[in-house]
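Following: one structure in structure tokens, then a few remarks.
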Amino acid sequence: MKDLKLAVVGATGVVGRAAIKVLEEKKLPISSYTFFASKKSSGKKIMFMEKGYTVQELTEQSFDKGFDFAIFSAGGETSKKYAPIAASKGCIVVDNSSAFRMDKDVPLVVPEVNAQEIRKNKGIIANPNCSTIQAVVPLKPLDDKYKIKRIVYSTYQAVSGAGRDGIEDLENGIKNYREGNDINVAETSKYELKKFPYPIFNNCLPHIDTFLDNGYTKEEMKMINETRKILNRPELPITATTVRVPVFNSHSESINIEFENEFDLDELKDTLRSFPGVILVDDIDSNKYPIATDATGHDEVFVGRIRRDFSVKSGLNFWVVADNIRKGAASNAVQIVEKLIEEM
Ligand code: A2P
């Protein structure tokens, strides 16, 4: 096999740094790594596999060096500008932003669910939204077996999904509380909010990304549209409420499903248990269910509180938790690169 070269774009950000960690753990057969960020970070040092690397400024010429793969996690605007340049030079881009996810020529991939789509790429493969990724992993085997009729999503999303500024808002809120300031009145909070419109500490904000004309947020519509694309169910009725909560890392979701077919609950649990990437944590007699602090640092999707929804003929409720920075972004992207290498 030829010497493979990989670039990480947005290497100094929350997802970029996680991607570097996952790459270090996976030890893919890649011979050369390059790390890009904005001009501001140019010259910064990154330790990777016990070797020092210098962060480079991303420019239009960056991809002249003949990269095979690039993992982009530097926001939608950077992806829109630079991913097509990279792809035009023969580099396959795995893009973490929402810029290309709904483009019909761009595969939207969660390897456990639709790895076969990777082959259809024309230079860009999109990594889905973090909340979508952890939902579709358990939904896929259930859809295959019982055919989903409708989904209701309610999410409880960690601040790390909003990048460094989101994490700082929660840290500053905690500091403000410890200093004895009034935390319940936004105007008197003694710190500047960097990301969220209200203090995230001591609040749940039903507002992730911007509001749209239909009353939903972009995050909610991402979950709806991306789930349909990944499950290949373009007409599937889905609704969503996405909420930011004062948790540092790992998203939690309540998922309610109605099926076309009837199911046996034990058999359904076995179906979930045997699906790659799913771990069942579902033992209410010993108070065992998935929680954010247990999911952090892992690449699997943790599922529990599995129970019938008695209000409809064939309905189910469950709770799903995953590390939004790893499986929800960095690890999923690295898994896609791994698949691309396997298929070479
Ligand atoms: P930098 O650290 O130089 O600003 P996060 O989502 O955690 O805030 O991180 C965003 C990542 O995207 C950072 O690595 C950031 O680099 C990078 N980034 C932002 N804008 C650009 C840009 N125009 N070109 C390259 N990288 C960018």
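What follows draws every value from the coordinates through simple rules; no lab data is involved. Treat the numbers as computed from the prediction; the structure is a model and nothing was measured. Neighbour counts are summed over all protein chains in view; Cβ atoms, including those assigned to glycine, are modelled from backbone coordinates with ideal geometry.
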For residue 4, distant residues with modelled amide H under 5 Å away = 31, 32
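Expected output is a single nm value to one decimal: the length gained when fully extending between residue 48 and residue 104, i.e. 0.36 nm times separation in residues minus the C-alpha distance. What is it?
Details: separation 56, 0.36 × 56 = 20.16 nm, distance 3.56 nm.
So the extension gain works out to 16.6 nm.
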key: Principal axis box of the chain, alpha-carbon based, largest edge first, Å   = 59, 55, 42
inquiry  = Run the numbers for residue 312 and residue 298: contour at 0.36 nm per residue of separation, minus the present Cα-Cα distance, in nm.
reply    = 1.6 nm
message = Can you give me the C-alpha center-to-center distance between the stretch 20-50 and the stretch 112-180, rounded to a whole angstrom?
response = 24
request  = Would you calculate the separation in nanometres between label points at residue 195 and residue 233, each defined as 7 Å from the Cα along the Cα-to-beta-carbon direction?
outcome  = 3.1
note = Per GNM of the chain with C-alpha springs under 10 angstrom, the most fluctuating residue out of 161, 66, 75 is 66
ask   = In the Gaussian network model of the chain, springs joining C-alpha atoms below 10 Å, which of 109, 55, 137 carries the largest mean-square fluctuation?
value = 55
Local net charge near residue 290, Cβ-Cβ under 13 Å (Lys/Arg +1, Asp/Glu -1) = -3
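Taking square-rooted eigenvalues a ≥ b ≥ c of the alpha carbon gyration tensor, is the stretch 132-324 rounded, prolate or oblate, where a/c under 1.5 means rounded and, failing that, a/b exceeding b/c means prolate? Don't skip to the end; give the middle numbers.
On the way: a/c = 2.42, a/b = 1.73, b/c = 1.40.
Prolate is the answer for the stretch 132-324, as a/c is 1.5 or above and a/b outweighs b/c.
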ask   = Roughly what would the spin-label model give for residue 3 and residue 115, points 7 Å off Cα along C-beta, in nm?
value = 2.9
inquiry  = Test of the criteria: in the stretch 256-344, which GluC sites (Glu not before Pro) are in a DSSP loop and have at most 13 other Cβ atoms within 10 angstrom of their Cβ?
reply    = 260, 262, 343
message = How would 289, 82 line up from fewest to most surrounding beta-carbon atoms within 10 angstrom?
response = 289, 82
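Do you know the relative contact order of the chain, to the nearest whole percent, from alpha carbon pairs under 8 angstrom that are 6+ apart?
Working: 748 pairs, mean separation 63.0, N = 344.
Once divided by the residue count of the chain, the mean separation gives 18 percent.
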ask   = Using a basic spin-label model with each label point 7 Å from the Cα along Cα→Cβ, how many nm lie between residue 40 and residue 269?
value = 4.9
